[in-house]
Amino acid sequence: MAKMPERSERLVEATDVIRQMWTGKQVAHQGKYYNVNARLYDRPEKTIPLLMAANGPKAMRRAGQYADGLVTDPKTWKEHQG
């Protein structure tokens, strides 16, 4: 199983690939974790918000940088909002 820093890097890279795919253009991505050469022909009509789940300060910061929204529980939100 991947360690947390690697999982975080994979999530950030995947987020970038997803956003590129949603454009409907050909995506040629050669990344650290993913290699993609594809096009999404049936793309969404409207922009779909990309949400990330997080339950600690580092993960919440990552969600704020790379996602359009945060999924967390009320206790975690009260402890770490800022």
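In nm, what is the difference between 0.36 nm times the number of residues separating I48 and Y33 and their Cα-Cα distance?
3.0 nm
Can you spot the lysines whose alpha carbon is less than 24 Å from K46's alpha carbon? Ignore those fewer than 8 places along the same chain.
Counting by Cα, and skipping residues close in sequence, K46 has these lysines nearby: K25.
Can you compute the helix-only [θ] at 222 nm over the chain? Use -39500 (n - 2.57) per DSSP H run of at least 4 residues, normalise by all residues, nearest 500 deg cm²/dmol.
Only helices count here, giving -13000 deg cm²/dmol.
Run the numbers for R10 and V71: contour at 0.36 nm per residue of separation, minus the present Cα-Cα distance, in nm.
20.1 nm
Based only on Cα atoms, what Rg/Rh ratio does the chain have, Rh being taken as Kirkwood's radius?
1.04
Relative to the longest principal axis of the C-alpha atoms of the chain, give the angle of the C-alpha long axis of helix 57-66, reported between 0 and 90° and rounded to the nearest 10°.
Taking the Cα atoms of the chain, the angle to 57-66 is about 30 degrees.
If you filter the stretch 3-82 for GluC sites (Glu not before Pro), then keep DSSP loop positions with at most 12 other Cβ within 10 Å, what is left?
E45
For the chain, find the longest principal axis of its Cα atoms and tell me its angle to the long axis of helix 4-21, 0 to 90°, nearest 10.
Tilt of helix 4-21: around 40 degrees.
Roughly how big is the stretch 1-45's charge dipole about its Cα centre, with Cβ charges of +1 (Lys, Arg) and -1 (Asp, Glu), in debye to the nearest 20?
Dipole size: approximately 80 debye.
Would you list which lysines come within 28 Å of K3, measuring only between C-alpha atoms, while excluding same-chain residues fewer than 8 positions from it?
The qualifying lysines are K32, K58, K75, K78.
A short reminder: the numbers here are calculations on the coordinates, not readings from a lab. What you see is a predicted model, and the numbers here were worked out from it, not measured in a lab. Please note: Cβ atoms are built from the backbone with ideal geometry, for glycine as well, and neighbour counts cover all protein chains shown.
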